[in-house]
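J.: Here it is, the structure in full.
The values are calculated or read from the model by the stated rules, or taken from the named source; none is laboratory data. As the structure is a computational prediction, the values presented were derived from the model and not from experiment. Backbone-built Cβ (ideal geometry, glycine too); neighbour counts: all protein chains shown. For accessibility, only protein heavy atoms count, side chains too; no ligands or nucleic acids. Shrake-Rupley method; radii C 1.70, N 1.55, O 1.52, S 1.80 Å.
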Amino acid sequence: MIKIINLTKSFNKTPILSGVNLEVANGITTVIIGPSGCGKTVLLKHIVGLLRPDSGKVFVDDFEVSSLYGVQLFKLRRHIGVVFQGAALLDSLTVAENITLGLREQPKKTPAAELNRIVKEKLALVRLEGVENKLPSELSGGMKKRVAIARALAMEPEYILYDEPTTGLDPITARKIDELICELQNNLKITTVAVTHDLASTYKIANKIAMLNKGKIVFEGTAEELKKNKDIEIYKFIRGREYEQTN
Amino acid sequence: MKNTLEYIGNVTLFIKDVVFTLPKTHKSIHLIIEQVYFVGIGSLLIVIVTTFFCGAVTAYQAAFQGKDYLPDVYIGMAVIKGFMIELGPLLTAIIVSGRCGSAIAAEIGAMRITEQIDALETLGIEPVRYLVLPRIVGSAIALPLLTIVSELSACIGGGFCAVLLMNIKLTTYIEGLRFHFMQHELFGGLVKALVFGILMGLMSTYYGFKTTGGSEGVSKSTTQSVVSILILIIIFDFILARILF
């Protein structure tokens, strides 16, 4: 379980998160939505320890992420797969090298045959076979996202975090990525956290939705509850227009 | 003043991270070999061509300036002394910094802004061990080797100029080289090259790591890295000259 308690974070004295409280239950997909620049990615980076809070705590299982440093933090991160917004594949490595990077750099060496098996298995999971030897520059945006998912899965994580998984993709590819996220969650039962402002994607993949606005969680619930919510800010966000009194 | 102190503090913390990662160097051998290849083999041609002509210019100027009152044997001396003590390590470091220092800063800067460094961290890989250490160690190995090549190339360039353009006997030129060759000067020059290599690797990775703000940020950190490397090389050249010779 991921538990965020009263998390605050500022950049250059500008508050981004102002007391975020959130619980992410195991085995389901929680989607954090909110307008651009509201701090969704900042929140995600706190979960994996890439940013440290000004105050508050982030727990992953029984570990307080903000209190971990060095080897302990790296050990915890091996249980968390992250799929970054731009995929963040290493340009100089092939698809296969990217997928096995985390395993190859572990103290305990994995045999080459095992690495090859993992590459094939994970690429099959994301339905992208035959690209093992291609460089990231030879792939489309959607393919890069799939490789990034395969790389995250290669570490056999208990949690997987998606940062804007469908941003920058055409609607058809975006829906395919949504289907893939749902499929992986159903088959592998990995606890999933996604941050996005794509509502179509949110309705498709979310078991639980949390909305972040002005540095706080302003809504937690299901997609149906979100649609029925009468809060002006939520109304504006989910309909993309100003509040109408008649509604 | 505050910015300067902040800069010194940040560089010091970065050096501390690098030093603490040094015991893990053996885990990055394959990456170090890649960097030695990139810095060393990749810069070979440009270093040979540049220092060949610099050697030729040195021989030409020595012959021209000393015409009528210096014996021809001193042309070899001018080339070997100039390059072993000063020009060999300095020119090599300047050429390699322009070629590789900028490339390293730009590569790591681009990795920073595209979250590739964050991705490394989430895969349980220490970015300093994976990206910084191999580049520093690789540069520290490659620079002295390139310096030896540059000194040889300069001597050959000087010989070509002396024999073909100044009508000096090859044996006289070689005698000048041999007579003024001092082992400790060669060693001193290589120590300089080693330090320049460390400086280049350190500052280029530092600026790459600190990159913010998109492609403009990459351009800025690349420029800053080359400028700071060149300034530091000149300052350390003076300090090492005082210590070593």
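J.: Residue by residue through region B:79-89, note down the ones that are open to solvent by less than 30 Å² (accessible area, probe 1.4 Å) and over 10 Å from residue B:150 (Cα atoms).
T.: Matches in region B:79-89: B:79, B:80, B:82.
J.: If you don't mind, another one. Do you know which of the residues in region A:81-96 that are within 16 Å of residue A:121 (Cβ to Cβ) and more than 8 Å from every other protein chain (Cβ to nearest Cβ) is surrounded by the fewest Cβ atoms within 10 Å (Cβ to Cβ)?
T.: Applying the filter and picking the extreme gives A:96.
J.: Just to verify a result, which residue in region A:151-189, among those that are β-branched (Val, Ile, Thr) and in contact (Cβ under 8 Å) with a residue 40 or more places away in the chain, is surrounded by the most Cβ atoms within 10 Å (Cβ to Cβ)?
T.: A:181
J.: A follow-up question, please. Among the residues that make up region A:7-29, is at least one of them in contact (Cβ under 8 Å) with a residue 60 or more places away in the chain, within 14 Å of another protein chain (Cβ to nearest Cβ), under 25 Å from residue A:237 (Cα atoms) and under 17 Å from the mean Cα position of the chain (by Cα)?
T.: Checking region A:7-29: not a single residue is in contact (Cβ under 8 Å) with a residue 60 or more places away in the chain, within 14 Å of another protein chain (Cβ to nearest Cβ), under 25 Å from residue A:237 (Cα atoms) and under 17 Å from the mean Cα position of the chain (by Cα).
J.: Checking the condition closer than 29 Å to residue A:7 by Cβ and free of Cβ contacts under 8 Å to residues at least 60 places away in the same chain, which residue from A:121, A:132, A:64, A:114 passes?
T.: Residue meeting the stated conditions: A:64.
J.: Can I ask one more? Residue A:109 fails exactly one of the following numbered conditions: (1) free of Cβ contacts under 8 Å to residues at least 40 places away in the same chain; (2) surrounded by 18 or more Cβ atoms within 10 Å (Cβ to Cβ); (3) within 14 Å of chain B (Cβ to nearest Cβ); (4) basic (Lys, Arg). What is the number of that condition?
T.: (2)
J.: Return a yes/no flag: does region A:41-54 have any residue that is of a type outside the set (A, V, I, L, M, F, W, C), touching a residue at least 40 places away in the same chain (Cβ under 8 Å) and buried (at least 22 other Cβ atoms within 10 Å of the Cβ).
T.: yes
J.: Which condition from (1) in the same structural domain as residue A:125 (by TED's automatic domain parsing); (2) hydrophobic (A, V, I, L, M, F, W, C); (3) touching a Lys or Arg at 6+ places or on another chain (Cβ under 9 Å) is the one that residue A:200 breaks?
T.: Status for residue A:200: all satisfied but (1).
J.: What is the one condition in (1) closer than 22 Å to residue B:129 by Cβ; (2) surrounded by 18 or more Cβ atoms within 10 Å (Cβ to Cβ); (3) more than 9 Å from every other protein chain (Cβ to nearest Cβ); (4) more than 17 Å from the chain's Cα centre (by Cα) that residue A:65 does not satisfy?
T.: Tallying (1) closer than 22 Å to residue B:129 by Cβ; (2) surrounded by 18 or more Cβ atoms within 10 Å (Cβ to Cβ); (3) more than 9 Å from every other protein chain (Cβ to nearest Cβ); (4) more than 17 Å from the chain's Cα centre (by Cα), residue A:65 fails exactly one: (4).
J.: Residue B:49 - would you say it is over 30 Å from residue A:47 (Cβ atoms), surrounded by fewer than 19 Cβ atoms within 10 Å (Cβ to Cβ) and either within 14 Å of chain A (Cβ to nearest Cβ) or of a type in the set (A, V, I, L, M) (or both)?
T.: Yes.
J.: Can you find a residue in region A:116-136 that is charged (D, E, K, R) and within 13 Å of chain B (Cβ to nearest Cβ)?
T.: Looking for residues that are charged (D, E, K, R) and within 13 Å of chain B (Cβ to nearest Cβ), one finds none in region A:116-136, hence no.
J.: Scanning for something at pLDDT below 95, more than 14 Å from chain A (Cβ to nearest Cβ), open to solvent by 40 Å² or more (accessible area, probe 1.4 Å) and touching a Lys or Arg at 6+ places or on another chain (Cβ under 8 Å), does region B:57-66 turn up at least one residue?
T.: no
J.: Are there any helices (runs of 4 or more DSSP H) wholly within region B:81-183 with 1 or more residues that are within 24 Å of residue B:194 (Cβ to Cβ) and of a type in the set (Asp, Glu), and if so which?
T.: Filter on region B:81-183 gives B:102-113, B:133-160.
J.: Go through region A:34-63 and count every residue that is part of a strand (DSSP E or B) and over 22 Å from residue A:152 (Cα atoms).
T.: 3
J.: Can you pull out every residue in region A:208-244 that is of a type in the set (Asp, Glu) and modelled with pLDDT under 90?
T.: If the condition is that a residue be of a type in the set (Asp, Glu) and modelled with pLDDT under 90, then A:231, A:233, A:242, A:244 are the ones that fit.
J.: Still on this structure, I have one more. Residue B:125 versus (1) open to solvent by 60 Å² or more (accessible area, probe 1.4 Å); (2) in contact with an Asp or Glu (Cβ under 6 Å, 6 or more places away or on another chain): which is the lone unmet condition?
T.: (1)
J.: Pick from B:105, B:140, B:93: which is under 13 Å from the mean Cα position of the chain (by Cα), away from every other protein chain (no Cβ under 14 Å), of a type in the set (Gly, Ala, Ser) and closer than 26 Å to residue A:105 by Cβ?
T.: After ruling out the rest, the residue left standing is B:140.
J.: Taking the condition of being free of Cβ contacts under 8 Å to residues at least 40 places away in the same chain, closer than 26 Å to residue B:127 by Cβ and not aliphatic (A, V, I, L, M), how many residues in region B:225-245 meet it?
T.: Total meeting the criteria: 1.
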